[in-house]
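Single-structure report; data block below.
Every number in this text was worked out from the coordinates using simple rules, so none of it is lab data. These numbers were taken from a predicted model, which means no experiment stands behind them. Reconstructed Cβ throughout: ideal geometry from the backbone, glycine too, with neighbour counts over all protein chains shown.
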Amino acid sequence: MTSAPARAALGPSLGFVPTMGALHAGHLSLVDVAKTHATKTAVSIFVNPTQFGPHEDFHKYPRPLETDLQLCTDAGVDIVFAPSVSEMYPPGEAPLRVDMPGLFDVLEGPRRPGHFSGVCQVVAKLFNIVQPSLACFGEKDFQQLTILRALTKALDFPIDIVGCPTLRDPDGLAMSSRNRYLSGDERKRALSISRSLRAAQARVAEGERDASEVRASLRADLLTSDLSDVPVELQYAEVVDIDSLQSLHRIEDEAQALVAMKVGTTRLIDNIRLRVSR
Ligand code: AMP
């Protein structure tokens, strides 16, 4: 891998931020990171149909293109690539399925069949079209970031993958284009996600190394609320190895806690790094 500074010494570089649009400050923080590493910056805006399941929100997904373009201009983005579905997937093109057993089989994978295959397909296409020297992805989608690092390595894309921290609203909710679906009460209920993850982080920092204990208290915290009128469905609350994403029994040094929970009809995900203090 060529390090970003070493590549910068070779000449102009292109930093790339793939998105599905409905841009918020989280996306723009990725643009800022891309700008610090590269001489030019490209953003793609494409709601990729192949990563949505038949009952997911592909048709409902927000597409405020004019606002997004203005945000990109204001952020100093040099190139915006906003293709149509038929440009990305010309009629007659053979469907493609990607699989990475292990990384696809956990967390989001079983709940969203075909999702990561679609993500890998579109990102590989975008990498070949845009030809960036580095690409920024958010830790907000931790499993996606891990999978895209693995894809880049497995297919020898000459692209540095840069993971970027999750941007949160002041109340702690991880920014997401889907937060706009939440009612006032649902939003309040959703705050238990970041709160419970921080509590898990504190438990581990204070010395808890038993991953089942951390998992159990994380689940209990997520399901405890005064807002009993707001329906929630906890899909997973896991403590996993940061590279393999496999469930841990014991936390030796570092781990990742990840949550997916439906609040009302909106499915939210979030995660946090757990570190044992020395
Ligand atoms: P999306 O448009 O949801 O596909 O997201 C595009 C990129 O922005 C992905 O790499 C996401 O991980 C990243 N992203 C989404 N939300 C946030 C956030 N709150 N903070 C940082 N990055 C984010």
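Things worth noting here:
- Relative to the current alpha-carbon distance between His24 and Val85, full extension at 0.36 nm per residue lengthens the span by 19.7 nm.
- Shape category assigned to the stretch 152-278 from the gyration tensor of Cα positions, a/c cut at 1.5: oblate
- Residues in the stretch 154-166 carry Karplus couplings, in order, of 5, 9, 6, 5, x, 9, 7, 9, 10, x, 10, x, 6 Hz; the curve used is 6.51 cos²θ - 1.76 cosθ + 1.60 with θ = phi - 60°, and Gly or Pro positions show x.
- Look at where the Cα atoms of the stretch 169-218 and of the stretch 233-278 average out, and the two centres are 10 Å apart.
- Remark: relative contact order (the chain) = 17 percent; criterion is Cα-Cα distance under 8 angstrom and separation of 6 or more residues.
- Under-5 Å amide H pairs with Asp270, H placed in peptide plane, nonlocal only: Val259
- Gaussian network model of the chain, Cα within-10 Å springs - most flexible of Gly76, Gly114, Gly184: Gly184
- Restricting the stretch 79-160 to trypsin sites (Lys or Arg not before Pro) that sit in a DSSP loop and have at most 11 other Cβ atoms within 10 Å of their own Cβ leaves Arg97.
- Listed residues Ser117, Ser86, Asn128: farthest to the positive end of the dipole of the chain (Cβ charges): Asn128
- Filtered GluC sites (Glu not before Pro), the stretch 1-106: DSSP coil and at most 12 other beta carbons within 10 Å: Glu93
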